[in-house]
Amino acid sequence: MKSLGNLIIVEIEEAVREAFSFCDSEIGKIEIDPSKELKFGDYQCSLALKLSKELKKSPRAIAEQAVETLKNQSLFEKVEIAGPGFINMTLSEDMLNRWANDCKESNDLLVPKVKREKVIVEFSSPNIAKMMHVGHLRSTIIGDAIARLMEFLGYEVLRLNHVGDFGTQFGMLISYLKKYHPEALKKDNNCDIEMLVAWYKASKKKFDQDDAFKTVAREEVVKLQSGDEGSVAAWKALCEISRKGFQEIYDILDVHIEERGESFYNPILQKVVDDFKAKGLSKKDAGAECVFMEGFKNKDGDILPLIIQKGDGGFNYATTDLAAFHYRVDEDAAKRIIVITDLGQKMHFAMVHKAASLVGYIDEKKVRFDHVPFGLVLSPDGKKYKTRSGETERLSDLLDEAVIRAKALLDERGIEDNYEIAKVLGISAVKYADLSSNRIKDYTFSYDRMLRFEGNTASFILYAYVRIQSIKRKANITLESIQKEKIKISHPSERALILHLIRFGEILHKMKEDLLPNHLTEYLFHLAEKFNIFFRDCQVTGDPNMNSRLQLSELTGQHIQKGLRILGICTINKM
Ligand code: ARG
């Protein structure tokens, strides 16, 4: 084995590549899969079957030749051929022991770091004067996890909150408040987001019914956009009220994010339109300036327009996103841009991304863009999720409810003094339930399911962690005092546990590519299961192998803790 700075899976891939070098053909990416059953070894490879046609040889003959080389690798204990030509590889116990001992000495659990490049993760992005809803909650939870992953891997991460803080609706709202609630437009007012949302609705109603008000509201937009002091101050006061409401949620979730709202890009919106015009990429259609691109058609087969300037001269959502691409690549110097929104915006981002590359704001070869879509939140009855209060759902109520229910469960189990634990369990449950469902699908929000102590839930994993802490307490020796002693496999359940631990880095690197947090939840769920089996089969305190087992438990605990941290979940030491 060369260096332990590599993922084990990469080591295996390299060994396989070398073993197949006699084939003299372009092999490309080598697929190695963890075996599903013990009898197939630890990892499987089907390369011989793939090469058979090209080499005009039986898969078995090819596999046999490769196995001769693989057998000599110290990585493996056993390399066998199964079926028509699958290669089953069993890692050597020596290697697993060595990995475990190196890992316990390492700072970041032997997960290889990346080149430090700038990654923008844009998430949450609620709208001023509107309620933050369950869709924003999903974006916040998923975005925070992705940002934490990227930070852990060594990227320089810029977390951006693309708040909806601009548009004609603000003229309407400001005019309404100037007339009926001027106190709300002052600095240090006592208004909250619920009041603001109610006024927003009232102003919309008035706007739709009252022509004189409509005119005033439109004038207000012009004043705001031309930087009129009074209007801008009023707008800032509104934003501040909303911001306080959003912050309440970020505090509960322990999420940090930098606000850079839509308004930030206002100064370059005209330039965006000019750039498209100058390159002949847009044209007027029914008064609006539009970009038409191949590949984006409606149901009838007509090419859809991407509107970058409305008939009245105003800019819109797409213009702002084009400006954002421009700024993030040019000014922020981001090498990767990740935007997390609901699936409904998939087409919008595909179009904006294409348009941004046509106009030269982003070079696909140099900067990677990922739109990370997620499905709807459903209630257990299969309908779109609504909290009890319906329309004006307060996310803080939804989160509080999770904590209240967690507390009731702890009370039931006779766990006293449990409020702090309930807070962790409740919030973790909400986060974990979201992250553990494949984000692209709709997901059913159920307190009952997310708070279970069994199955793929936060509580199950947290419980395994708590158990490890209690084992350490019971052993009543410090880990420092046994640090010099080695972890050594002496039971198949220990081997299975280490075999799972070594995959941590592989899972994180996979998640960085496809941005699916459910890889990590699944990994942690299986880790907790494998730990429980180890603990069932192997006595720790009082056993001759105690010191090795204690350290293996600790190493497992560190993986659980780090993994949960990446998901934005804190651990507890007692339950
Ligand atoms: N504010 C938008 C919404 O609530 C989400 C913004 C998404 N980001 C973007 N760059 N367009 O749906």
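Here is how the numbers come out for the structure above:
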{"item": "With all protein chains modelled, accessible area of Cys239 [1.4 Å, Å²]", "result": "10"}
{"item": "Whole-percent carbon and sulfur share, accessible surface of segment 55-165, 1.4 Å", "result": "46"}
{"item": "Nearest 10 degrees, 0 to 90: helix 211-225 Cα axis against the chain principal axis", "result": "60"}
{"item": "Solvent-accessible ranking of Thr215, Thr341, Thr571, largest area first, probe 1.4 Å", "result": "Thr215, Thr571, Thr341"}
{"item": "Order of exposure, largest accessible area first, which applies to Glu494, Glu420, Glu485 with probe 1.4 Å", "result": "Glu420, Glu485, Glu494"}
{"item": "DSSP-defined beta bridges in the chain - what % are antiparallel, rounded to 5", "result": "50"}
{"item": "Segment 308-343 versus segment 509-543: alpha-carbon centroid distance in Å", "result": "40"}
{"item": "Counted charge near Asn161, where neighbours are those whose Cβ lies closer than 13 Å (Asp, Glu -1; Lys, Arg +1)", "result": "-3"}
{"item": "Arg473 accessible area, 1.4 Å probe, all protein chains in place, Å² to nearest 10", "result": "120"}
{"item": "Accessible area in the full protein assembly, largest first, 1.4 Å probe, for Tyr317, Tyr155", "result": "Tyr317, Tyr155"}
{"item": "Computed accessible area, Cys45, all protein chains, 1.4 angstrom probe, square angstrom", "result": "0"}
{"item": "Under 25 Å from Lys244, Cα to Cα: lysines that are on another chain or at least 8 residues apart", "result": "Lys130, Lys178, Lys179, Lys186, Lys187, Lys201, Lys204, Lys236, Lys386, Lys423, Lys431"}
{"item": "Accessible surface, per residue, of segment 152-236 when the full set of protein chains is kept, probe 1.4 Å, Å²", "result": "52"}
{"item": "Full-stretch length increase - Ala286, His348 - with 0.36 nm per residue and alpha-carbon distance subtracted", "result": "20.3 nm"}
{"item": "Stokes-Einstein D in µm²/s, Kirkwood radius over Cα pairs - the chain at 4 °C with 1.567 mPa s viscosity", "result": "48"}
{"item": "Accessible-area composition of segment 180-308, carbon plus sulfur, in percent [1.4 Å probe]", "result": "53"}
{"item": "Heavy-atom accessible surface of segment 439-575: percent carbon and sulfur, 1.4 Å", "result": "48"}
{"item": "Probe 1.4 Å, accessible area per residue of segment 349-494, Å²", "result": "51"}
{"item": "Calculated [θ] (222 nm, deg cm²/dmol) that DSSP helices of n ≥ 4 give over the chain, each run adding -39,500 (n - 2.57)", "result": "-16500 deg cm²/dmol"}
{"item": "Degrees separating the helix 229-253 axis from the principal Cα axis of the chain, which is the longest one", "result": "30"}
{"item": "Residues listed by number, segment 263-288, amide nitrogen under 20 Å from Asp302 label point at 7 Å toward C-beta", "result": "282-288"}
{"item": "Amide hydrogen neighbours beyond the local backbone of Leu158, cut-off 5 Å, H modeled", "result": "Val119, Ile120, Val121"}
{"item": "Tilt relative to the chain, helix 492-501 - C-alpha long axis, 0 to 90 degrees, to 10", "result": "30"}
{"item": "Per residue, in Å², the accessible surface of segment 1-146 once ligands and nucleic acids are set aside, probe 1.4 Å", "result": "46"}
{"item": "Cα→Cβ-extended label distance, 7 Å offset, between Gln247 and Leu55, nm", "result": "6.5"}
{"item": "In Hz, Karplus ³J(HN,Hα) per residue of segment 279-288 (6.51, -1.76, 1.60; θ = phi - 60°; x = Gly, Pro)", "result": "8, x, 9, 10, 8, 6, 9, 6, x, 9"}
{"item": "Förster radius 56 Å - calculated FRET efficiency between Asn189 and Arg116 (Cβ-Cβ, nearest 0.05)", "result": "0.80"}
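The values are calculated or read from the model by the stated rules, or taken from the named source; none is laboratory data. All values reported here derive from a predicted model rather than from experimental measurement. As a convention, Cβ positions derive from the backbone with ideal geometry for all residues, glycine included, and neighbour counts pool all protein chains shown. Each accessible area value is taken on the protein alone, full model and side chains, heavy atoms only, with ligands, DNA and RNA left out. Shrake-Rupley method; radii C 1.70, N 1.55, O 1.52, S 1.80 Å.
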